[in-house]
Amino acid sequence: MNLALYLDSGIHQGGWRHPQAATTGGRNWPLYRKIAQRAEAAKLDMIFVADKLAIDDVYGGHLAHTVQHRQVGWSEPLTLLAALAAVTDRIGLGGTVSSSYSEPYTTARQLANIDHISNGRAAWNVVTSLTHAEARNFGRSQHFSHEDRYRRAAEFIDVMKTLWDSFEEDALVVDKSRARFADPARFHRFDHQGESFEVQGPLNLPRPPQGHPVVIQAGVSDAFIDLAAQHAEMLFVVQPNRERAQQFYQTLKERAQHYHRQPDQLRVMPGLVPIVGHSERDASDRAEYLKSLITVESGLSFVSASMNIDLSQYPVDGPVPDLREQITGSKGRFQYVIANAIEQNLTLGEMAKRYAESLSFPSPTGTADHIAQQMIDWYQHQACDGFVILPTYIDENEDLFLSQVVPRLQDAGVFHQDYAAGTLRERLGLAKPANRFH
């Protein structure tokens with residue numbers, strides 16, 4: 001299996017309050033460096049850096065609940081990955097890019113440069129963004145519709161790949177005696193004129209060592225599945241249980257074949273929020289303590305922003321309203337969350353607090369042996385090709401998952417003992433893309 005570590009201050013919405021939690025607010029470079037090097041020492045395949053382009057202000061129509069009850073402050077991914085490339089040697093470096101609020105030419109240059117700096121370890125997570133707050137930071141009063149933003153994302157990805165191919169990797173000759181720096185035939189102007197972008201080309205930076213940095217996509221909606229089946233090479237997905245994960249895994253691999261892609265060229269990696277204890281009782285106590293640190297405001301703020309619906313208009317102790325048709329944000333995830341909450345007769349506050357524990361990712365709780373066995377079970381039953389590990393909080397001094405669970409996976413023969421040679425794409429078993437101009 002493949003393993004990636006979500007490099008963040010912690011996914012659990014009460015985690016920042018834990019006495020051992022190292023909170024960053026997006027600014028603790030020594031901590032990021034330490035965590036990345038710790039993950040590399042454990043031989044993980046990749047560090048994954050998420051991003052958001054605004055502070056959530058949907059709940060109550062302002063940001064007060066967000067900044068009071070949740071961690072805020074996101075490290076800008078691409079500059080962070082460039083810095084991490086200089087202090088690591090083997091681990092992959094993945095960062096989030098918004099196709100809704102980025103320009104292909106600039107982003108293609110940045111990612112190509114990171115791939116060169118890291119000697120072929122770059123990956124990029126293409127997201128469409130979620131909120132109106134993000135839109136308002138980029139000259140729009142409202143976010144793109146669900147359909148529009150996925151159509152824009154498809155065009156964005158295609159232009160990025162064309163740009164990376166447009167300056168061929170063997171274009172530089174550097175023949176001083178004949179005054180011939182580069183071969184003009186290896187540069188390609190392509191004059192793209194699409195619905196969302198107009199780009200002339202070529203890129204002014206050589207093709208990345210991987211050809212294209214590895215494409216990651218995150219989501220579960222129908223629009224996401226279709227886009228991912230065409231373009232994604234690694235999928236970061238939310239699957240709350242093994243049965244749903246198996247169904248999604250099969251659907252995605254079959255859809256990829258529909259687009260004439262080999263199923264093994266997509267690595268499906270659900271998020272996992274493990275709570276590791278020295279005993280089952282210790283793990284249970286850790287989980288219960290973390291739950292006690294969640295405020296209902298933190299959950300409601302998070303859910304409101306993710307759905308793009310202000311939940312402050314509904315009573316906290318009332319039933320969960322059926323808002324599935326009104327979601328303009330994270331559709332695939334929250335249609336399931338709401339349906340599940342209605343079925344269990346949860347109040348709105350209960351749903352929000354439960355979501356704040358793991359954001360609907362599975363959260364196995366127990367000893368290292370117990371958690372490793374659950375992961376092996378998912379892997380061997382074709383529910384995934386690996387996992388993105390999302391810590392509940394960042395402990396600067398220890399990481400029980402890396403120090404205890406990973407060795408058990410290695411001993412079981414389902415995770416590598418050391419890095420193989422080559423680029424990130426080669427270690428993931430992904431083919432280097434052919435240059436479209438050949």
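Enumerate the helices (runs of 4 or more DSSP H) found wholly within segment 212-310, keeping only those where 1 or more residues are under 30 Å from W164 (Cα atoms) and open to solvent by less than 20 Å² (accessible area, probe 1.4 Å).
The qualifying helices (runs of 4 or more DSSP H) are 222-231, 242-258.
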Problem - Residues being in contact (Cβ under 8 Å) with a residue 40 or more places away in the chain and assigned to a helix (DSSP H, G or I) - total across segment 1-32 - result: 6
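Which of the residues spanning segment 121-137 are in a loop (DSSP other than H, G, I, E, B), out of contact with any strand residue (DSSP E or B) (no Cβ under 9 Å at 6 or more places or on another chain) and not hydroxyl-bearing (S, T, Y)? Steps first, answer last, please.
Residues of segment 121-137 that are in a loop (DSSP other than H, G, I, E, B), as a first pass: 121, 128-131, 137.
Next cut, out of contact with any strand residue (DSSP E or B) (no Cβ under 9 Å at 6 or more places or on another chain) only: 130-131, 137.
Passing the criteria: L130, N137.
If you check G332, G271, which single one turns out to be closer than 20 Å to I376 by Cβ and small (G, A, S)?
Numbers: G332 fails: closer than 20 Å to I376 by Cβ.
Criteria check complete, one pass: G271.
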Handout entry: Matching residues, segment 1-54, being among the hydrophobic types (A, V, I, L, M, F, W, C) and touching a Lys or Arg at 6+ places or on another chain (Cβ under 8 Å)
Key = W16, A54
Exercise for the section: Output yes when any residue across segment 322-341 is surrounded by 16 or more Cβ atoms within 10 Å (Cβ to Cβ), touching a strand residue (DSSP E or B) at 6+ places or on another chain (Cβ under 9 Å), in a helix (DSSP H, G or I) and not small (G, A, S), and no when none is. Expected result: no
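Can you tell me how many residues within segment 342-371 are over 23 Å from Y289 (Cβ atoms) and surrounded by 21 or more Cβ atoms within 10 Å (Cβ to Cβ)?
Kept after step one, since they are over 23 Å from Y289 (Cβ atoms), are these residues of segment 342-371: 342-345, 348.
Restricting the remaining residues to those that are surrounded by 21 or more Cβ atoms within 10 Å (Cβ to Cβ) gives 348.
The number of residues fulfilling the criteria is 1.
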Fill in the blank from the handout: Turns out the helices (runs of 4 or more DSSP H) fully within segment 33-119 with at least 3 residues that are of a type in the set (S, T, N, Q) and open to solvent by less than 10 Å² (accessible area, probe 1.4 Å) are none
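Quick check on my filter: what residues within segment 261-275 are under 20 Å from L428 (Cβ atoms) and not small (G, A, S)?
Taking segment 261-275 and keeping what is under 20 Å from L428 (Cβ atoms), we get 261-272.
Matches in segment 261-275: R261, Q262, P263, D264, Q265, L266, R267, V268, M269, P270, L272.
The values are calculated or read from the model by the stated rules, or taken from the named source; none is laboratory data. Keep in mind it's a predicted model, so treat the numbers as computed, not measured. Reconstructed Cβ throughout: ideal geometry from the backbone, glycine too, with neighbour counts over all protein chains shown. These accessible areas exclude ligands, DNA and RNA; they are computed on the full protein's heavy atoms, side chains included. Shrake-Rupley method; radii C 1.70, N 1.55, O 1.52, S 1.80 Å.
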